[in-house]
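The values are calculated or read from the model by the stated rules, or taken from the named source; none is laboratory data. Here the structure is a predicted model, which means the values were calculated and not measured. So basically every Cβ, Gly included, is an ideal-geometry build from the backbone, and we count neighbours across all protein chains shown. Side chains are part of the model used for accessible areas, which takes the heavy atoms of the whole protein and leaves out ligands, DNA and RNA. Shrake-Rupley method; radii C 1.70, N 1.55, O 1.52, S 1.80 Å.
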Amino acid sequence: MYTQALDTHGKEPVPAATAEAGALPGRFQARIDAEEKIEPKDWMPDAYRQTLIRQISQHAHSEIVGMLPEGNWITRAPSLKRKVVLIAKVQDEGGHGMYLYSAAETLGISRAEMVAQLLSGAAKYSSIFNYPTLTWADLGAIGWLVDGAAIMNQIPICRCSYGPYARAMVRICKEESFHQRQGFEIMLTLAQGSPAQRAMAQDALNRWWWPSIMMFGPSDADSKHTAQSMRWKIKRFSNDELRQKFIDITAPQAHFLGLTIPDEELRWDEAAQHYQFGPIDWSEFHAVLKGNGPCNRERLEARRAAHAAGQWVREAAMAHAEKELRRAARAA
Amino acid sequence: MSTEEWPLFEVFIRSRAGLEHKHVGSLHAADARMAIEHARDVYTRRQEGVSIWVARSADIVASDPEEADALFEPARDKVYRHPTFYAIPEEVKNL
Amino acid sequence: MSATPAPEAHYRYVLRLGDTSLVLGQRLSEWIGHAPELEEDLALANLSLDLIGQARLLLTYAGELEGRGRDEDALAFLRDAPEFANLTLAEQPNGDFGRTIVRQWLIDGWQLEVYQALTGSSDTRLAAIAAKALKETRYHHRFSSGWLARLGDGTEQSHHRVQSSLDELWRFTAELFSPDEIDESMCAAGIAPALTELAPRWSARVDADLAAATLRRPPAQPYPWHGKRGVHTEYLGHMLGEMQHLQRTYPGARW
């Protein structure tokens, strides 16, 4: 999900020097067209490799940064059951980041390089995680809307052309289903609770609705690179298609909760068999992407601080491992 | 490369007795004992494992896709290795 | 030798076990998203989940023994600090990763002895909980003693850091095997082990783990604070303030 078609392309492939090399892109495209999976050591155009590295690492960064807004409420979860469920969910997100870093590493970039890109601010991650979690209801909204949108985007990627990415997505999708249910259940409990709890739920929906539908990225009409990603079967559906599907599924869920989606233009169009919805304020999206969202600074600072504070630990572990190796060598 | 960077390990899990170990992904660890623990924490949270193998990625030897033709193509035309190649009359049992 | 325990003592004994797991689990959960490496985020989360899981089973049982209709959440979210019965060591702040590991390792060693002994308890419910918790604790001890060795016998910096943490936290070990009248009455009832009998084994394991970590065992220090008797350090109040905030702010609400 957290792959908003941000900055998805590297340079065009260098013209072939030999006839044999010149045939490679054609053969590669033929494999893609035949729904064959590309594996790590297979020949691939450099642009395909770079696009994937950027998309997969952005996806991984999003999972890691995504641990923070929800992690913010672990110590304050209002029941022991909610606490363990939330810990398990955030832990899953960390695990998903790991599967994705692992998939990206098969393309020739190291975890250390990717982490450095995130911490320096060079790498992007999904803008949704730059919003604050101000109440317990935000946790419900995130599970219901943000994970809901993520699932919508992730299922098609299970069939993407690059084997390790597709396999990571299959594993992630299997684990993701409880995330959305846990969020919806929180919203349901609040919506059926006291007036203060109902107001808390409505307030969270008011703040998380528009950022969630912005997660799908700008309209494809404004995105020049969708076509190439589609041809390489990295992207399987357009941003607009996925966004429409998400709204069509989610609006009835909000109605069930007795909550109001903060879009006055939202209405069911019987003829089109879709929900019509109001205009998205893309200026907010771009501002957040540029680093001016509510929590961009805090999120990166938290990751930098963790990384810096952990340096002596990581070094100690390596030093110990080396000592053990030398001891084993002497004993041999 | 900084001195603190932990090496990459590939992880193989046997999900049930009777099945073989399957490659599930990779992770970073400073040593083999830690790699086993990490593999357990990352890949067996949903009771997906009874046995874990970890191997340093640098130690894995892989066949070269460039040689795929030479390595794998010759097996393609030896269809006599497959049971469906042989026509056995239906009346004959247990073959 | 099975004297029937006073219900109050029985309730308090189980509460102590539950509160220790709860408080330690809560402390560990503070690390999630901030650990030295992504793999350690997952490891610490697993430990936290195990401990809070133990707490849920133990607090539920304690509530039944108390007989006033308090469930796991009523006990976790609506008691004030003096009513908590956790070991003082558990509530100590995380500090750096090394301090967290030392705290974990000290309690893991204690839980190993206590849970092992409790699997033979005449209280079959407690024995069952202990059997499950014992498996978890074996993994926790593997994790914490492994890290103790890596940090103790890692770099010079890591060695000094973790030795300092050990020196600071050691005074809380005085409580671990000091029996009071509740421990003694539970022991007389065949429910709980004699703490003084467990102490030497804990001590031997500590010495073995410290040797592997090239760390120095601090000298014994008498230390009068006993969280298990409701006499805590200043840290617990802050921890509970954060943990209990929602239930206190919205009394009677369902979550």
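Here C:Gly120 fulfils each of the conditions (1) farther than 24 Å from A:Ala321 by Cα; (2) assigned to a helix (DSSP H, G or I) apart from (2).
For the range B:15-52, a tally of residues being of a type in the set (Ser, Thr, Tyr) and over 21 Å from A:Ile172 (Cα atoms) returns 1.
Give the residues of the range C:102-119 that are open to solvent by 10 Å² or more (accessible area, probe 1.4 Å) and without any contact (Cβ under 8 Å) to a residue 40 or more places away in the chain, sorted by residue number.
Those that are open to solvent by 10 Å² or more (accessible area, probe 1.4 Å) and without any contact (Cβ under 8 Å) to a residue 40 or more places away in the chain: C:Gln116, C:Thr119.
Is the range A:163-183 home to any residue that is within 14 Å of chain C (Cβ to nearest Cβ), open to solvent by less than 30 Å² (accessible area, probe 1.4 Å) and either within 20 Å of A:Trp73 (Cα to Cα) or at pLDDT 95 or above (or both)? Looking for residues that are within 14 Å of chain C (Cβ to nearest Cβ), open to solvent by less than 30 Å² (accessible area, probe 1.4 Å) and either within 20 Å of A:Trp73 (Cα to Cα) or at pLDDT 95 or above (or both), one finds at least one in the range A:163-183, hence yes. Would you call A:Ser102 under 24 Å from B:His23 (Cβ atoms), more than 11 Å from every other protein chain (Cβ to nearest Cβ) and in contact with a strand residue (DSSP E or B) (Cβ under 8 Å, 6 or more places away or on another chain)? So A:Ser102 does not fit the description; no.
Of A:Ala251, A:Ala287, all but one fail to be away from every other protein chain (no Cβ under 14 Å) and at pLDDT below 95; the exception is A:Ala287.
Just one of (1) free of Cβ contacts under 8 Å to residues at least 40 places away in the same chain; (2) within 11 Å of another protein chain (Cβ to nearest Cβ); (3) within 22 Å of A:Leu242 (Cβ to Cβ) trips up A:Gln192, so point out which. Result: A:Gln192 fails condition (3) only.
Out of curiosity, is C:Ser185 surrounded by fewer than 19 Cβ atoms within 10 Å (Cβ to Cβ), over 25 Å from C:Leu49 (Cα atoms) and not hydrophobic (A, V, I, L, M, F, W, C)? No, not satisfied. Counting only helices (runs of 4 or more DSSP H) that sit completely within the range C:1-97, those holding 2 or more residues that are within 14 Å of chain A (Cβ to nearest Cβ) correspond to C:7-29, C:38-66, C:72-78. Selection of the range B:16-46 for residues being more than 13 Å from chain A (Cβ to nearest Cβ) and either surrounded by fewer than 17 Cβ atoms within 10 Å (Cβ to Cβ) or touching a Leu at 6+ places or on another chain (Cβ under 6 Å) (or both) yields B:Arg16, B:Ala17, B:Gly18, B:Leu19, B:Glu20, B:His21.
Counting the residues of the range C:218-248 that are open to solvent by less than 70 Å² (accessible area, probe 1.4 Å) and more than 14 Å from C:Asp80 (Cβ to Cβ) gives 7.
When C:Glu197 is tested against (1) open to solvent by 20 Å² or more (accessible area, probe 1.4 Å); (2) under 16 Å from C:Leu17 (Cα atoms), just one condition goes unmet, and that condition is (2). Checking each residue in the range C:196-224 for being farther than 12 Å from C:Thr173 by Cβ and in contact (Cβ under 8 Å) with a residue 12 or more places away in the chain picks out C:Thr196, C:Leu198, C:Arg201, C:Arg205, C:Asp209, C:Leu210, C:Ala212, C:Ala213, C:Thr214, C:Leu215, C:Arg216.
Restricted to the range C:143-255, the set of helices (runs of 4 or more DSSP H) holding at least 1 residues that are away from every other protein chain (no Cβ under 14 Å) and under 21 Å from C:Gly95 (Cα atoms) comprises C:156-169, C:195-212, C:235-249.
To keep it simple, each residue is scored yes or no on (1) under 19 Å from A:Phe129 (Cβ atoms); (2) out of contact with any strand residue (DSSP E or B) (no Cβ under 8 Å at 6 or more places or on another chain).
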residue: A:Ile249; (1), (2): no, yes
residue: A:Leu259; (1), (2): no, yes
residue: A:Arg267; (1), (2): no, no
residue: A:Ala287; (1), (2): yes, yes
residue: A:Val313; (1), (2): no, yes
residue: A:Met318; (1), (2): no, yes
residue: A:Arg327; (1), (2): no, yes
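Under the condition of being open to solvent by less than 40 Å² (accessible area, probe 1.4 Å), free of Cβ contacts under 8 Å to residues at least 60 places away in the same chain and part of a helix (DSSP H, G or I), the residues counted in the range A:203-235 number 1. Which members of the range A:239-260 meet the condition of being open to solvent by less than 20 Å² (accessible area, probe 1.4 Å) and within 20 Å of A:Ser127 (Cβ to Cβ)? Of everything in the range A:239-260, those that are open to solvent by less than 20 Å² (accessible area, probe 1.4 Å) and within 20 Å of A:Ser127 (Cβ to Cβ) turn out to be A:Asn239, A:Leu242, A:Arg243, A:Phe246, A:Ile247, A:Thr250. Set side by side, the residues A:Leu107, A:Leu134, A:Leu100 differ, and just one is in contact (Cβ under 8 Å) with a residue 24 or more places away in the chain, surrounded by fewer than 24 Cβ atoms within 10 Å (Cβ to Cβ), among the hydrophobic types (A, V, I, L, M, F, W, C) and within 30 Å of B:Pro7 (Cβ to Cβ), which is A:Leu107.
For beta carbons closer than 7 Å, sequence separation of 6+ or different chains, a first residue in the range C:225-247 that is closer than 24 Å to A:Ala137 by Cβ and a second that is open to solvent by 40 Å² or more (accessible area, probe 1.4 Å), the qualifying pairs are C:Glu242/A:Arg76; C:Met243/A:Arg76; C:His245/A:Arg76; C:Leu246/A:Arg76; C:Gln247/C:Leu78.
One residue is enough: does the range A:293-303 have a residue meeting the conditions open to solvent by less than 20 Å² (accessible area, probe 1.4 Å), under 30 Å from A:Pro195 (Cα atoms) and within 19 Å of the chain's Cα centre (by Cα)? Checking the range A:293-303: at least one residue is open to solvent by less than 20 Å² (accessible area, probe 1.4 Å), under 30 Å from A:Pro195 (Cα atoms) and within 19 Å of the chain's Cα centre (by Cα).
C:Gly98 is checked against (1) in contact with a Leu (Cβ under 8 Å, 6 or more places away or on another chain); (2) surrounded by fewer than 21 Cβ atoms within 10 Å (Cβ to Cβ) and fails just one. What number does that condition carry? Unmet for C:Gly98, out of (1) in contact with a Leu (Cβ under 8 Å, 6 or more places away or on another chain); (2) surrounded by fewer than 21 Cβ atoms within 10 Å (Cβ to Cβ): (2). Summed over the range A:78-97, the residues that are in contact (Cβ under 8 Å) with a residue 24 or more places away in the chain, within 19 Å of A:Ala137 (Cβ to Cβ) and either open to solvent by 10 Å² or more (accessible area, probe 1.4 Å) or more than 7 Å from every other protein chain (Cβ to nearest Cβ) (or both) give a count of 4.
Could you grab me the full set of residues in the range C:57-70 that are of a type outside the set (Gly, Ala, Ser), under 20 Å from the mean Cα position of the chain (by Cα) and surrounded by fewer than 24 Cβ atoms within 10 Å (Cβ to Cβ)?
Of everything in the range C:57-70, those that are of a type outside the set (Gly, Ala, Ser), under 20 Å from the mean Cα position of the chain (by Cα) and surrounded by fewer than 24 Cβ atoms within 10 Å (Cβ to Cβ) turn out to be C:Leu57, C:Thr60, C:Tyr61.
Please determine whether any residue of the range C:128-149 is touching a His at 6+ places or on another chain (Cβ under 7 Å) and open to solvent by less than 10 Å² (accessible area, probe 1.4 Å). No. C:Thr4 meets the conditions (1) open to solvent by 10 Å² or more (accessible area, probe 1.4 Å); (2) modelled with pLDDT of 95 or more; (3) polar (S, T, N, Q) in every case but one. The failed one is (2).
Scanning the range A:237-282 for residues that are polar (S, T, N, Q) and in a loop (DSSP other than H, G, I, E, B) turns up A:Ser238, A:Thr260, A:Gln273.
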